[in-house]
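Q: Submitted below is the structure of interest, expressed as structure tokens.
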């Protein structure tokens, strides 16, 4: 948990520093540092959902479990 908190703090600091370097504005930097991680989180969530759909459709039929009716043939 501590690692997650320190990573989050680092992310905020980097967003603030980059925006401040580009704009020279503390207000803009604070706003970007607060909003950018939220946008990133939403983007990551959507990215994961898309990849889950993509991965479900990529498994060859041979890797899928056989149908139940195949087990009754003996």
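Q: Any residue in region 38-54 that's closer than 21 Å to residue 15 by Cβ: show its pairings with residues that are at pLDDT below 90 and exposed (fewer than 10 other Cβ atoms within 10 Å of the Cβ) at Cβ separation under 8 Å, as long as the two are six or more apart or on different chains.
A: none
Q: How about region 1-71: which helices (runs of 4 or more DSSP H) wholly inside it have at least 3 residues that are modelled with pLDDT of 85 or more?
A: Of the helices (runs of 4 or more DSSP H) lying wholly inside region 1-71, those with at least 3 residues that are modelled with pLDDT of 85 or more span 2-23, 26-56.
The values are calculated or read from the model by the stated rules, or taken from the named source; none is laboratory data. Quick caveat, the model's predicted, so the values are computed rather than measured. Note that we place each Cβ from the backbone using ideal geometry, even for glycine, and neighbour counts take in every protein chain shown.
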